Amino acid sequence: MSEEQSAIAARLKESREYLGLSQQEVADATGLSRSAVSLLESGQRRVLAQELQTLAKVYQRPVGYFTGEEPVDFPNDVNMLARQASALSEKDRSELMRFAEFLVQRSQGGGDDQT
């Protein structure tokens, strides 16, 4: 296994664990098998570009984070929000995302009801 493949594998596993997701939850979200997720995380299987894009979406990180091209360092409060959100149901995370989008629009002056 190459050093690059090992680094990608470690970042995939760290990202999954950080969000508190099981390998089965990642498998369900990506369409991969649980054993494929395990092999990717151990570096025993190379990740395909399309798979990496899908995993990056699930883990809410840019693809460049996994390849080492783009480090991601979120503030502590953002990290805490991610941990809390990972414990929510998919429906509740969707609702949280809509609320977050509302807050972003409001902070950019896009909201009609500014008090």
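The values are calculated or read from the model by the stated rules, or taken from the named source; none is laboratory data. Keep in mind it's a predicted model, so treat the numbers as computed, not measured. Every residue, glycine as well, gets a Cβ built from its backbone with ideal geometry; the counts of neighbours run over all protein chains shown. Heavy atoms of the whole protein, side chains included, go into the accessibility calculation; ligands, DNA and RNA do not. Shrake-Rupley method; radii C 1.70, N 1.55, O 1.52, S 1.80 Å.
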(request) Compare the peptides 20-30, 84-94, 44-54 by average per-residue count of other Cβ atoms within 10 angstrom and give them in order, highest first. (result) 20-30, 44-54, 84-94
(request) Treating only the Cβ atoms of Lys and Arg (+1) and Asp and Glu (-1) as charged, compute the dipole magnitude of the chain about its Cα centre; round to the nearest 20 debye. (result) 320
(request) Per DSSP H run of at least 4 residues, take -39500 (n - 2.57); add these up for the chain, divide by its residues and hand me the 222 nm value, nearest 500 deg cm²/dmol. (result) -20500 deg cm²/dmol
(request) Please name which of GLN5, THR30, TYR18 has its Cα lying farthest along the dipole of the range 5-51 towards the positive end, using unit charges on Cβ (Lys, Arg +1; Asp, Glu -1) and the Cα centre as origin. (result) GLN5
(request) Subtract the Cα-Cα distance of ASP92 and SER35 from 0.36 nm times their separation in residues, and report this length gain in nm to one decimal. (result) 17.7 nm
(message) Can you match Rg and Dmax of the Cα atoms in Å to one of these, (i) 12.9, 40; (ii) 21.2, 70; (iii) 16.2, 57, based on a calculation from the structure here?
(response) (iii)
(message) Taking all protein chains in place and a 1.4 Å probe, what share, in percent, of the accessible surface of the chain do carbon and sulfur account for?
(response) 49
